[in-house]
1. If you go through the range 206-239, how many residues are out of contact with any strand residue (DSSP E or B) (no Cβ under 9 Å at 6 or more places or on another chain) and at pLDDT below 95?
2. I need the full set of residues from the range 392-402 which are surrounded by fewer than 22 Cβ atoms within 10 Å (Cβ to Cβ) and not basic (Lys, Arg), in order please.
3. Taking interchain pairs and intrachain pairs at least six residues apart, which have beta carbon atoms under 9 angstrom, with the first residue in the range 312-337 and under 11 Å from residue 472 (Cβ atoms) and the second basic (Lys, Arg) and away from ligand 1 (no atom under 16 Å from the Cβ)?
4. Evaluate the following for residue 385: is it in contact with a Cys (Cβ under 9 Å, 6 or more places away or on another chain), part of a loop (DSSP other than H, G, I, E, B) and touching a residue at least 24 places away in the same chain (Cβ under 8 Å)?
5. Look at the range 34-86 and say how many of its residues are among the polar types (S, T, N, Q) and more than 16 Å from ligand 1 (Cβ to nearest atom).
6. Being in contact with a Gly (Cβ under 9 Å, 6 or more places away or on another chain) and within 16 Å of ligand 1 (Cβ to nearest atom) narrows it down to one residue among 481, 431, 455, 471; which is it?
7. Looking for whichever is at positive phi, within 16 Å of ligand 3 (Cβ to nearest atom), in contact with a strand residue (DSSP E or B) (Cβ under 9 Å, 6 or more places away or on another chain) and at pLDDT 90 or above here; the options are 314, 320. Which one fits?
Amino acid sequence: VGCGICVRKCPFGAITITNLPEEMEDPVHRYGQNGFALYGLPVPIEGRVTGLLGPNGIGKSTAISILSGILRPNLGKDASWEEALQRFSGSILGDYLKKVVDKGIKTSYKPQYVDRIPKSYSGMVSGLLEKTDERGALAELTGTLGISKLMDRDISSLSGGELQRVAIAAAAAKDADFYFFDEISPYLDIHQRINSARILQSLAKDKAVMVVEHDLALLDLLAENVHLIYGVPGAYGVITRPKGVRVGINQYLRGNLPEENVRFRDTAINFEVHAPRIEKEIPSLIAYDAFAMKYSSFRLEAEAGIIRRGEVVGILGPNGIGKSTYIKILAGVEKPTTGSFESQLKISYKPQYLKADTELTVEGMLRGLTHGFDSSYYQAEILRPMGIEPLLDKILSELSGGELQRVAITACLSREADLYLLDEPSAHLDVEQRMLAAKVMRRFAESTEKTVLVVDHDIYLIDLLSERLMVFDGVPGILGVAHTPLEMREGMNAFLKGIGITFRRDEETRRPRVNKPESRLDRMQKEQGEYYYQI
Ligand code: ADP
Ligand code: ADP
Ligand code: MG
């Protein structure tokens, strides 16, 4: 990466920028002489949730540091605040920045990587949260987020999803002028994502709230406006003017920004309006019997089922319902307490929580997994679209969360196996990487006739990936039932009925959008039992 301004095709496959916007002449900020340059800024607006939609490394944190008054925008030279204010004067952004300079702005910030919180805080959850409770809103926040019971737990004992909700509560409890949430969805199930969205929306009644979010169904529901950000990660980023959330997401999926006259992807991302029907006879890979797993306080019951050759099965269900346990049993990592999952199948498994404690390089590790590393199939269908090429020389333990996830997905698909199991592959990936990963997994299943099972909470990802669905329900933390794999329509209906949300279709792109609860469409679709697809 680092071609700077590209009028040609990006060598990494994802980005094609045909026209350069005028702002390219003059960045808002540049790190060092040839460092990363940021063009444009998002506008915080009181009373609104504003979304930022774009890849990692494109300047989102840089923009937020400027809006928080921590970083002086140098306009690509060594500009003073006066010069910077001059540049933006007469705009809402100018008025906002003037306030930052004159009176100061208090920002509350939810960091991206919640896994790092236990490294900087120790002690109990109550200690951390009570310190941040400047608005006296803690009881309400912890209630909505379902974390009241965690108050006397040690921070170091929390799971990813628990840490995420504690971090959201901590940021929302502060009394600030400007709230910034760097992703709310990682590790959360759909229910928890929607509840977190409600918290941001109620904060935005009289405050400015900004959010980065890569789960598009959630962003759509959460934000009123979005700024799209495009460019070359690590080299430059361009922040567009605000767009309505619907239009912004549509443009993003199309890969085409008409107002800016920019195309950043060759192909549009499309969703199927009608449930796909599997018409041909597909040979089965395995027919398995019912089994069960009992832990001290949790029990998983799995129904019997058939998994077909060459299909992608999406797995949906709340947190704590036994999805990872089920995957581990299929992978042979755990043995069920009743019945068995016996098979001669070779399995390749990507766990939910990734560890990289080796000094191998990415290339060294991948070459150890496949003989086909140098084949044109592997390079073109897996390495390039997964964005692994720039990482090949890096040491595994030094990768960022998103880089490690892409390497782990790639590693899983590199092994020779019959059945591939991926537990939450979207975690830490940005939108573009999710869409590319979905395409890679689907094409992999099609072209090799291998079977792929994917657990994820991102509905768009699951929709793009899956041919059938497995739904888990029960009582989280106590009892989970793993139902037999279903066709897409049945599966989506079963899952969405359980969480009580329905989707309509966007008129323009036909992408799914969450209906407002109790709206006319919501009530009608619930009556008809059609939660996702049109009949
Ligand atoms: P995002 O939040 O979108 O992931 P950032 O704003 O953190 O992106 O970073 C954008 C780019 O700027 C990255 O390539 C990063 O390496 C670079 N960058 C960030 N902070 C600095 C800094 N203090 N000095 C030099 N480069 C930086
Ligand atoms: P999911 O992946 O759906 O979030 P998990 O399979 O990770 O759910 O966990 C389901 C339940 O089983 C949780 O309540 C979890 O605490 C419990 N559990 C998972 N692994 C173990 C274990 N090794 N011992 C005891 N309980 C466990
Ligand atoms: Mg899990």
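1. The qualifying residues number 4.
2. Passing the criteria: 392, 393, 395, 397, 398, 399, 400, 401, 402.
3. 315/323; 316/323; 317/323; 322/299
4. no
5. Of the residues in the range 34-86, 2 are among the polar types (S, T, N, Q) and more than 16 Å from ligand 1 (Cβ to nearest atom).
6. 431
7. 320
One line per residue, one yes/no per condition, for (1) over 23 Å from residue 491 (Cβ atoms); (2) of a type in the set (D, E, K, R); (3) more than 10 Å from ligand 2 (Cβ to nearest atom):
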position	(1), (2), (3)
301	no, yes, yes
314	no, no, yes
335	yes, yes, yes
344	yes, no, yes
364	yes, no, yes
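The values are calculated or read from the model by the stated rules, or taken from the named source; none is laboratory data. From a predicted model like this one, the values you see are computed outputs, not experimental measurements. Glycine also receives a Cβ, built like all others from the backbone with ideal geometry; neighbour counts cover every protein chain displayed.
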